[in-house]
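For reference, the structure discussed in these notes is given below.
The values are calculated or read from the model by the stated rules, or taken from the named source; none is laboratory data. Everything numeric here is computed off the predicted structure, so don't read it as measured data. Don't worry about glycine lacking a Cβ; one is built from the backbone with ideal geometry, like all the others, and counts go over all protein chains shown.
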Amino acid sequence: MSPIGFAVLTVSDQASLDAEADRSGPAIEKILQEQGQNFASNARLIVPDNVSKIQNAVLNWARQDDIDWIITTGGTGFGVRDLTPEAIKPLLEREASGLVHLLLSTSLKHTPLAALSRPVAGTIGNTLVVTLPGSVKAVKENMQALLGAGLVEHAIDLVKGGKGQRVHAELAKSSGETPRHEHAAPKPRSTLSHDPSAPGAVYRINTGGPLPVGADTVIMVEDTHLVSTIIDEASPFNGEEKEIETLAQIPAGENVRSAGSDVRKGDLVLQKGEIIRSSGGEVGTLAFVGRKEVEVYKKPVVAILSTGNEIIDLQVPKPHSGDGWGGIFDTNRPSLQAALEGMGYEVVDLGVVPDELSLITYATNFMHSHLRANSIDAHVSAIQRGLDTAHILLTTGGTSMGPTDLLKPVIERHFSGTVHFGRVTIKPGKPTTFATIPAPSGGGSKPVFALPGNPASALVTFHIFVVPALRRLGGWPEESVQLPRVRVQVRFIFCGLSYSGDADQSSSVV
Ligand SMILES: Nc1nc2c(c(=O)[nH]1)N[C@H]1C(S)=C(S)[C@@H](COP(=O)(O)OP(=O)(O)OC[C@H]3O[C@@H](n4cnc5c(N)ncnc54)[C@H](O)[C@@H]3O)O[C@H]1N2
Ligand code: MOO
């Protein structure tokens, strides 16, 4: 077999200016030259940390017949100028994650900092490409791992269409450093853990499966190579692995999780009062420890009502019979319903109630008071339905100072409710109203939030006032009910001046 032609690319801003600074490139050449006749150095280059320069060099070499293996050194770390993986990865036609794993696991044995290395490996055509770190020490460790098991020769043989027999034969002759194991008797998984394993035997297990008694480490299947299979029609193990090679050196305990390593008996996994969120973690934790049921607070059922003559229910469109004005679509109920259901609350839809028909069309005092009475009835029956079916009521519109703003009077006079506040000093949201209505049976009272009709105000006040109340009703702990407070910097352009200010401090024109 002809020698493996290799090319070494040093990626370093510094070495591209001063070749003397390159120590890892020559180190790679030296290591391969020491391998004797098996390797031939056919190209060598230094480029700065520049994606297109790296890519040009690698692609040119990958096209050359005399280059089987391209080794880069440098630019694989976390530094902002480290771009080698970004340059090489898009060029790879087939990635070799096993080699990446080998490089990382090798380096990690020497330093935890190796976790910040980002090697890539794979093939372009029939050329193998491997990216090594820039440090000479790491280069030596990685090269030893790649050459130690005859891996690279094997890989290149296969990439070039060979069957890898030569390498297998040589490995077989070797001193036994490369482990090769017989499957003493592959067992069905269910009996594995009860069968003491013979020394040197390997068993196949699935991720999460119990270790066979006597085994102390697990090698990933991609770090093994199947050598032969059991061929025996009469055997229940017909077609199972008979003999495999292990391609990585792994310490005892690798990929093994001992019982209790995540949760020990007696550990507290969830505390009373903790919130079970829809992101799933808490439910997963409960299931993980086998807890089928826990006692929780019931989420409040929320009734929503829109008020206003001009408000048209999108689901029940009808022509507006008033003064020729077509009215406006109800925005508040759909947006509140979406917000509530998104948070997992059950919603009772109380629809839209009129507050009063147009005074221009119905100008007589008689008609006016008659329609007003109808509007009050509509409010009363909708609110009553809400009280009967929900734990909390949300209304929008009719909260400010107009003669048709019926909510506060209806709550006080028809339901003997108490308005706790009817104005707040925020904008949007000034007329936000909070009241309670006593339950007829005398058992407590139900909260009512009458939010402003303006859709932006309704939604803002929903999040600021209603969401914390819903959380309290749903049993959330005191410290978690409020929305998080964040410090923001406001920036906008006003009359050509850029204006910026800290939300908590006085603002300034800049
Ligand atoms: N004399 C005063 N007038 C107003 C004051 C005030 O302090 N003194 N406050 C203003 C503020 S601030 C707001 S906000 C509004 C709130 O009024 P209401 O809660 O009574 O709401 P409406 O008058 O019914 O509607 C306001 C606006 O929003 C539209 N609207 C109402 N409901 C809906 C809905 N479901 N979907 C889409 N749009 C809706 C409505 O057509 C109005 O245009 O009062 C100021 N006035
Ligand atoms: O203060 Mo209002 O709710 O216009 O926005």
(request) Just name the residue that is surrounded by the fewest Cβ atoms within 10 Å (Cβ to Cβ) out of those in the stretch 23-35 that are in a helix (DSSP H, G or I) and polar (S, T, N, Q). (result) Gln33
(message) Against the condition within 25 Å of Glu310 (Cβ to Cβ), in a strand (DSSP E or B) and at pLDDT 90 or above, how does Val448 come out, does it pass?
(response) yes
(message) Contact list please: Cβ distance under 6 Å, first residue in the stretch 417-442 and closer than 16 Å to Leu406 by Cβ, second residue within 11 Å of ligand 1 (Cβ to nearest atom) and in a strand (DSSP E or B), pairs at least six apart or on different chains.
(response) Gly422/Thr433; Thr433/Ala450
(request) Give the stretch 413-434 a look and list any residue that's more than 41 Å from the chain's Cα centre (by Cα) and either within 11 Å of ligand 1 (Cβ to nearest atom) or on the phi < 0 side of the Ramachandran plot (or both), or say none. (result) Arg413, His414, Phe415, Gly417, Thr418, Val419, His420, Phe421, Gly422, Arg423
(request) Return the pairs, sorted by first residue and then second, in which the second residue is of a type in the set (D, E, K, R) and within 16 Å of ligand 2 (Cβ to nearest atom), the first residue lies in the stretch 298-314 and is in contact (Cβ under 8 Å) with a residue 24 or more places away in the chain and in a strand (DSSP E or B), the beta carbons are less than 9 Å apart, and the residues are 6+ apart or on different chains. (result) Thr307/Asp405
(message) Considering only the stretch 395-414, I want to know if a residue exists there that is at pLDDT 95 or above, of a type in the set (Val, Ile, Thr) and buried (at least 20 other Cβ atoms within 10 Å of the Cβ).
(response) yes
(message) Please go through the stretch 263-277 and give me each residue that is on the phi < 0 side of the Ramachandran plot and loosely packed, with under 10 Cβ neighbours inside 10 Å, ordered by number.
(response) Arg264, Lys265, Asp267, Leu268, Gln271, Lys272
(request) Check Ser321 against each of (1) modelled with pLDDT under 90; (2) surrounded by fewer than 10 Cβ atoms within 10 Å (Cβ to Cβ) and name the one condition it does not meet. (result) (2)
(request) Give the number of residues within the stretch 435-468 that are more than 16 Å from ligand 1 (Cβ to nearest atom) and within 18 Å of Thr389 (Cα to Cα). (result) 12
(message) I'd like to check something: does the stretch 264-273 contain any residue that is touching a Leu at 6+ places or on another chain (Cβ under 8 Å) and assigned to a strand (DSSP E or B)?
(response) no
